[in-house]
Amino acid sequence: MSQDVRPQPGLDPIITYVPGKPIEDVKRELGLDDVIKLASNENPLGVSPKALAAMREALANVNLYPDGASYKLRQALADRFGLEMDQVAVGNGADDLILELAMAYINEGDQVVTSYSSFPMYDIYTHAMRGVMIKTPLAPGYRIDLPAMAAAITDRTKMIYVCNPNNPTGTVVSKDALDAFIERVPANILIVIDEAYYEMVEDEVFPDSFAYLREGRRNIVILRTFSKAYGLAGLRIGYGFGHLDVIAPLRKVKPAFNVNVLAQAAGIAALDDDEFLARAVEMNRAGRHQLYEAFDRLDLDHAESHTNFLLVRIGPSAERIQQALLHRGIIVRPCGAYNLPEFLRISIGTPEQNERLIAALEDLLGNAGSA
């Protein structure tokens, strides 16, 4: 008999998720004073002022446990999107809800379908439940290949993740494509539509995912977050929508107090801060085109983004360029973990941060010759 305490075998295939390096770590490790982070798709505009005021008011109550049901936050979300409150789930970031979905629905041996180049937490929680990941390559234009995902369905398929816009590519699948895909998916397979970057999409072909819920479809879950457009990444507030019967099992597996006092107050207030949201979207739009122009000038292939980041192809030197940028105090995201080793994912910053990045790339790529 082994004398070692062994973890359960579902963890064996898991590659630990490594987030973008914190600014303070880079300063300490490299002895730098001035560091900018363009790696984690955070909001460079800051925090919703209404959310900040609500947090200050809520500070007096942090000696108390939060409302475990997040009643007021869920009601505010239900009112905002025209649903019943029991169709709403909230969590400690959208990845908390991805975990809850895995715990509630994935049995050992169940198959989960997604893209090779998409959010890694789908993999981690599927494996943790001893599920089997089935991945399909990207289509041309760095888009999720929905027909390939539909073709990958078997009688063991339990769940499908459609990240729209997709992380790390920033591309979208259209309404027509998603409609056709959903019609091909059997009703007993849960389709999770991850719309973390929804607020930044301005393309008229983008689907209205709530239409599927209004049609009464029971196998659709929509995930969103306050982390991106609302500038609340540090609070960790994700939310999701689905049929009453699909959302109910999540309450059985969620942590008792998974959304803290400050997060609940901030989320309610942020929903009412349309002015901040509009400013964030406008800054993002301008920054996106600022980077487009620079990448075109540098002859760098990049995906058409509908998010607050861009996927850019550097070539075989991508990791070296990422490290060189790091030593210049610019943190960007390498994409090897997304099955895209020749690419960097670069968050859109302030105009000044974008210019600093562009100048560094011009210098590095010019010195390196062809990358």
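Descriptive notes on the structure:
- Tally, over region 328-371, of residues that are over 24 Å from A229 (Cα atoms) and either loosely packed, with under 13 Cβ neighbours inside 10 Å or without any contact (Cβ under 8 Å) to a residue 40 or more places away in the chain (or both): 11
- Note on region 178-234: among residues that are without any contact (Cβ under 8 Å) to a residue 40 or more places away in the chain and under 17 Å from G91 (Cα atoms), the one that is nearest to the chain's Cα centre (by Cα) is E195.
- Candidates Y122, Y142, Y161, filtered to the one that is at positive phi, buried (at least 17 other Cβ atoms within 10 Å of the Cβ) and of a type outside the set (V, I, T): Y142
- Single match in A269, A286, A294 (criterion: closer than 16 Å to S48 by Cβ and outside any loop (DSSP other than H, G, I, E, B)): A269
- R224 being in the same structural domain as D145 (by TED's automatic domain parsing) and surrounded by fewer than 22 Cβ atoms within 10 Å (Cβ to Cβ): no
- Region 38-71, subset among the acidic types (D, E) and surrounded by 14 or more Cβ atoms within 10 Å (Cβ to Cβ), residue farthest from the chain's Cα centre (by Cα): D67
- Flag if I314 is more than 20 Å from the chain's Cα centre (by Cα), among the β-branched types (V, I, T) and under 26 Å from V172 (Cα atoms): yes
The values are calculated or read from the model by the stated rules, or taken from the named source; none is laboratory data. Given the structure is predicted, the values throughout are model-derived calculations rather than measurements. Note that each Cβ is placed from the backbone with ideal geometry, even for glycine, and that neighbours are counted across all protein chains shown.
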